[in-house]
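This is the structure I have questions about; it appears just below.
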Amino acid sequence: MALDRNHAGILIIWDKIFGAFQSELAHEKVTYGLVSNINTYNPIVIAFKEWAALFKDAFTGKKSLSNRIKYLYKPPGWTHDGTGKLSEDLREEWLKNQAN
């Protein structure tokens, strides 16, 4: 079983731009879903929750202008202080949990 690696909900081009796209392999069963639950059925919240979090990360707190801009184009999970979990980190954590 594999954790789905494609992040784009609407346009797969974002995964290709950020280098996160991976085709589904015929010999692996893919598990689709969210890494963490949204806990709402409100379509507005579902559609814009991550955008709000992105802008909050970019424009609040003490960070340089260059780091603020990086939040807008770096891969999902990137943080200026290195504490974020990128897709590779999440994948390794998921695989470790599957082994247990």
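Here, each number is a calculation from the coordinates, and none is a lab measurement. Keep in mind that this is a model prediction, so the values were computed, not measured. No Cβ is skipped: glycine too gets one built from the backbone with ideal geometry, and neighbour counts run over all protein chains shown.
Lys and Arg at +1, Asp and Glu at -1: add these up for the other residues within a Cβ distance under 15 Å of Leu65 and post the number.
Here the count lands on +4.
Setting aside same-chain residues fewer than 8 positions from Lys62, which lysines have a Cα under 26 Å from its Cα?
Within the straight-line limit of under 26 Å, Lys62 reaches these lysines: Lys49, Lys70, Lys74, Lys85.
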